[in-house]
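One structure is given below, encoded as structure tokens.
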Amino acid sequence: MISLNEVSKRYPGSRELALQSVTMTVGSGEFVFLVGQSGAGKSTLLRLLFREYLPSSGVITYRGRNLARFSGGELLRYRRKIGMVFQDFRLLKQKTVFENVAFALEVVGHSPQSIRKSVPAALEEVGLLDRMLAFPAELSGGEQQRVGIARAMVRKPQLILADEPTGNVDPDNALQLMELFAAINRAGTTIVIATHASDMVDRLRQRVVQLERGRIIRDVKRGGYSNEP
Amino acid sequence: MFTMVKPRTFGYFFQSAGSSLVRNSWMTLASIGTVAVALLVLGVFMLLAVNIGAMAAQVEAQVELTAYLADISSQQRSQLEAELKAIPGVAEVTFVSREEAWQKLLEWYGDNRHFLAGWEDDNPLREAFVVRAESAFRVGEIAAAVARLRGVEEVIYGREIVEQLLSITRAVRGVGIGLTAGLALAAMFIIANTIRITVFARRREISIMRYVGATAWFVRWPFIIEGLVLGLIGAVVASSVLAWGYYFAVRSLAAAIPFWPFVAPWPLLQSLALALLCLGALIGVVGSGMSVRRYLDV
């Protein structure tokens, strides 16, 4: 689905590489954990996959096509196949749960009928159907992240990119969120999660790509967080 | 990428722009006030220029120069008339014989014509061509060209009056354009700042929009509409004040300065309001465009 070939990234004004010669492939339907310490390059890798940034060198391809050569329209269509989940949830405080999820459909021009059908379905999947009229401030951290996940999946994306999705929730909720991701993955959506949550990684036993100082030092099919390379 | 926008989506844009204008009400008022002042100054100068222009046009219609002739034959006079008509900018050439000039002088003296007694049999006046220019702005150059022709002894016209009037018109236009350009620029920057504050206040929403796949234009439209509304309201305020002010100014000044040909308020004010609305909209859109381009990075 997405391949990175010798991808390096240096931020403007920085002397060090955030990513160094990263080569990996994310297959369709895969569940991948990106692990490593802060500054290892996990978030940079996610942003390159979203094509928020372009690599300084190397090539990223999506279904064989170089992301860097996408036209404006192609990039927009590509991004609409991706759902993003953030550590800080990024919900709009003045909008209800329903409106936050609906927002992802409104901005791409879905009809009110389609929104009224899709949003409750997504909220039911994340277990928040009964809270759809609540505002984010009335929800716990775990519930807010569920709204974030519902917003990411409401358009039925091919790929979900999540950056530390359990970083701001308690361990019980973190486990439930990871199980939710696993359920979404079983339904066919490819998932790439950057995380520090070692116990979750150990528990789910999915593919683990470990980064250190911008380099991949471990890539195992069904590994744990703390396995030695 | 610019794509066709559905009417429903435009509803979202207007709602978004409206709530932002209400939320930043002080900046909204400041922007509207600045645009209104800029356009008001422009409007005042436009009205001044139009009215001075009307006076200039009236003077212009009366501006003519007189070319007094040397002692030349009728054949030379005909040739000279042809040469005068060939000068660029000349609208009309009329020959005035010594006798006609004498009759005009008598008419002009009217009841005091006895002062001319004794001259009847020895008419001292010269033959002349009266030349009317297409525009007062060209009288000077035409006079110079006429003076160079053979057979012309002297050229006379109300040089000082014409030149003063023309320089006042030019000055009013120049100051008006300069002031307006400066104020329009200030208004644009204030609108840009208002939009910048809105962009900052809504940066979270904007980043989410980008992450969920909104087009750049979907993000831009509410801000463009916001700038447009600010510019248009400013223009409406300026037009209303100008219309009211001009209407009453003309009414009171027409009696005080009866010789001045004031331009009637209608349809002048309609055209002025239309021009100010267009300019207000332009200032608003360009101002917000500056902000959106600089701070949205979309």
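Worth a mention:
- Helix A:141-153 and the long axis of chain A differ in direction by around 80°, with both axes built from C-alpha atoms.
- Angle in degrees between helix B:159-201 and the longest Cα principal axis of chain B, rounded to the nearest 10: 0 degrees
- Using the Cβ-Cβ distance between B:LEU105 and B:VAL241 with R0 = 56 Å, the FRET efficiency computed as 1/(1 + (r/R0)^6) comes to roughly 0.60.
- Chain B: angle of helix B:98-109 to the longest principal axis, Cα-based, in degrees nearest 10: 70 degrees
- With a 10 Å cut-off around each Cβ of A:148-154, the average count of Cβ atoms from other chains is 1.
- The protection proxy used here, the mean number of other Cβ atoms lying within 10 Å of each residue, ranks peptides B:185-197, B:240-252 as follows, highest first: B:185-197, B:240-252.
- 3J(HN,Hα) from dihedral phi, region A:5-16, Karplus parametrisation 6.51/-1.76/1.60, rounded to Hz, x for glycine, proline: 10, 6, 7, 10, 9, 10, 6, x, x, 9, 8, 9
- Over region A:91-156, relative contact order from alpha-carbon pairs under 8 Å, at least 6 apart, %: 50 percent
- Region B:98-118 versus region A:70-123: alpha-carbon centroid distance in Å: 94 Å
- Alpha-carbon centroid distance for the pair region A:27-45 / region A:148-188, whole angstrom: 14 Å
- Relative contact order of chain B, pairs being alpha-carbon contacts under 8 Å that are 6 or more residues apart, as %: 31 percent
- Averaging the sequence gap over all C-alpha pairs within less than 8 Å and six or more residues apart, then dividing by the number of residues, gives chain A a relative contact order of 28 percent.
- Helix-only CD estimate at 222 nm, as mean residue ellipticity for chain B, using -39500 (n - 2.57) per DSSP H run (n ≥ 4): -25500 deg cm²/dmol
- Inter-chain shielding of A:104-112 (mean C-beta neighbours from other protein chains, 10 Å cut-off): 5
- Using distinct alpha-carbon pairs, which all enter the 1/r mean, Kirkwood radius of region B:60-103 in Å: 11.9 Å
- Ordering of B:208-218, A:209-219 by burial proxy (mean other Cβ atoms within 10 Å per residue, highest first): B:208-218, A:209-219
- Residue with peak Gaussian network fluctuation, chain B [Cα springs, cutoff 10 Å], from B:LEU282, B:LEU253, B:LEU29: B:LEU253
- Exceeding the 31 Å Cα-Cα cut-off - candidates A:LYS81/A:LYS221; A:LYS93/A:LYS117; A:LYS9/A:LYS93; A:LYS93/A:LYS221; A:LYS93/A:LYS156: A:LYS9/A:LYS93; A:LYS93/A:LYS221
Each value in this text was obtained by applying a stated rule to the coordinates, not by laboratory testing. Since we're looking at a predicted model, the values are computed, not measured. For neighbour counting, all protein chains shown are included, and Cβ atoms are generated from backbone atoms with ideal geometry for every residue, glycine included.
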